[in-house]
1. Which one of these is modelled with pLDDT under 95 and within 13 Å of the ligand (Cβ to nearest atom): Asp254, Asp162, Asp220?
2. Against the condition of a type in the set (Asp, Glu), open to solvent by less than 30 Å² (accessible area, probe 1.4 Å) and either within 27 Å of His55 (Cβ to Cβ) or touching a Gly at 6+ places or on another chain (Cβ under 6 Å) (or both), how does Glu190 come out, does it pass?
3. Looking at Arg328 and the list (1) basic (Lys, Arg); (2) surrounded by 15 or more Cβ atoms within 10 Å (Cβ to Cβ); (3) free of Cβ contacts under 8 Å to residues at least 60 places away in the same chain, which single condition is not satisfied?
4. Name the single residue, out of those in the stretch 282-318 being more than 16 Å from the ligand (Cβ to nearest atom) and among the basic types (Lys, Arg), that is nearest to Trp159 (Cα to Cα).
5. Looking at this structure, is Ala59 more than 23 Å from Tyr240 (Cβ to Cβ), within 12 Å of the ligand (Cβ to nearest atom) and either outside any loop (DSSP other than H, G, I, E, B) or not polar (S, T, N, Q) (or both)?
6. If Val69 passes every condition in (1) under 25 Å from Thr216 (Cβ atoms); (2) in a helix (DSSP H, G or I); (3) under 17 Å from the mean Cα position of the chain (by Cα) but one, which one does it miss?
7. Here is a list: Met368, Met360. Which entry is within 16 Å of the ligand (Cβ to nearest atom), open to solvent by 30 Å² or more (accessible area, probe 1.4 Å), at pLDDT 95 or above and not acidic (Asp, Glu)?
8. In the set Glu45, Glu71, which member is open to solvent by 30 Å² or more (accessible area, probe 1.4 Å), within 16 Å of the ligand (Cβ to nearest atom) and charged (D, E, K, R)?
Amino acid sequence: MNVDLVVAGAGFFGLTVAERCASELGLRVLVLDRRGHIGGNAYSETDPETGVEVHRYGAHLFHTSNERVWEYANRFTAFTGYRHHVYSTFKGRVYPLPINLGTICAYFGRAFTPDEARALIAAQAAEVADPSNLEEKAISLIGRPLYEAFIRGYTAKQWRTDPRDLPAEIITRLPVRYTFDNRYFDDVHEGLPVDGYTAWLERMADHPRIEVRLGTDFLDLRGDTAGNVPVVYTGPLDRYFDYAEGDLGWRTLDFETEVLPTGDFQGTPVMNYADEDVPYTRIHEFRHFHPERRERHHPGKTVIMREYPRAAARGDEPYYPVNTAADRARLLAYRELARREDGVLFGGRLGTYRYLDMHMAIAAALSMVDNRLRPHFAEGARLN
Ligand code: FDA
């Protein structure tokens, strides 16, 4: 295939770029992905034993207040009316998250009005005036009791580090809602793709001018494209430059999936585990994301996934940027290299070393098409 553009990475960023360039700019686009499937981390598949859709790289909940992204997403999929709620188990009791009036009443064992709860938390938070680590910062925001119940153990497991040894800057805010509203996201639009993420992503790639080649690492082929065809690269930034400025720090997750002989394991999609001596941080039970598919799910079996965070080494899946001061300095050096890389644009979660929700990845890709690719292909402007 003679191509006008190569896109490295078939996640939401790469597929949005490919779809827009093929449909709107009339370009022939070759999309490469190292993995054997499209969709990047949003990929999902049906578990054959239970008939339940499993998000292979962790639970993915779609939510946005960006009207352009919502309209764009709806061209490829309809959405269910799913609204996300999370609960946390601590010392054998269950509490609603994010911390809200319901959590406070349940934790302190009595009814509070919003004003009473606000006064209580303000008095407890006054214990620390000048925080010097994550623990002190969290106490200065929500007081010691709620910190010790809902933040300390969870954070220690997330970072595999005592929160007293973590920098205060990791958290800037810990929102407390003084209402009983425990809806997790406050975006205007929320829902799950009616027939799954993979069907949505496949429809984006389904265009006569798009060819998708799976199991193909762009870096093995870049000698063939160098200088000839413009490239949008959505893989890890440091790997593209052969780690010349050092490794950018990431955290990863190990997932343990299990099919259990019950029709309902936990009664909710996501249960957090705040106790430090429980080794995992969360359990996902995917059947609860789609109650409307009840008829298709096995009535006596369910699939769950336990999540274990740890630091990523090279070769692990990079999930969340660590973003230390050293990482930020390396990122600046890589950005300078990227700026000078003729004919290549860097985008997406891995290519920009930023955590992006799906709606942010789509929005950033639409902007790249508007601001870089259309001016280049339609008006002959320089690519970068
Ligand atoms: P993404 O990582 O999806 O895709 C990049 C692709 O590039 C991958 O398929 C990779 O194989 C490929 N690639 C890399 N190097 C390559 C190379 N050299 N050659 C060829 N291919 C290469 N968002 C949200 O809105 N709601 C949610 O609930 C969640 N939940 C969530 C949980 C977890 C655990 C994570 C890590 C992330 C989320 N997200 C999320 C974020 C969501 O996954 C994210 O927005 C998208 O992955 C971003 O899409 P990208 O295309 O940028 O990256």
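1. Working: Asp254 fails: modelled with pLDDT under 95; Asp162 fails: within 13 Å of the ligand (Cβ to nearest atom).
Every option except Asp220 fails the conditions.
2. Values: of a type in the set (Asp, Glu): yes; open to solvent by less than 30 Å² (accessible area, probe 1.4 Å): yes; either within 27 Å of His55 (Cβ to Cβ) or touching a Gly at 6+ places or on another chain (Cβ under 6 Å) (or both): yes.
So Glu190 fits the description; yes.
3. Among (1) basic (Lys, Arg); (2) surrounded by 15 or more Cβ atoms within 10 Å (Cβ to Cβ); (3) free of Cβ contacts under 8 Å to residues at least 60 places away in the same chain, Arg328 violates only (2).
4. Applying the filter and picking the extreme gives Arg287.
5. Numbers: more than 23 Å from Tyr240 (Cβ to Cβ): yes; within 12 Å of the ligand (Cβ to nearest atom): yes; either outside any loop (DSSP other than H, G, I, E, B) or not polar (S, T, N, Q) (or both): yes.
The answer is yes for Ala59.
6. So the condition that Val69 fails would be (1).
7. Values: Met368 fails: open to solvent by 30 Å² or more (accessible area, probe 1.4 Å).
Step by step, each of Met368, Met360 is checked, and only Met360 is within 16 Å of the ligand (Cβ to nearest atom), open to solvent by 30 Å² or more (accessible area, probe 1.4 Å), at pLDDT 95 or above and not acidic (Asp, Glu).
8. On the way: Glu71 fails: within 16 Å of the ligand (Cβ to nearest atom).
The match here is Glu45.
The values are calculated or read from the model by the stated rules, or taken from the named source; none is laboratory data. Since this is a predicted model, take the numbers as computed values, not measurements. Backbone-built Cβ (ideal geometry, glycine too); neighbour counts: all protein chains shown. Heavy atoms of the whole protein, side chains included, go into the accessibility calculation; ligands, DNA and RNA do not. Shrake-Rupley method; radii C 1.70, N 1.55, O 1.52, S 1.80 Å.
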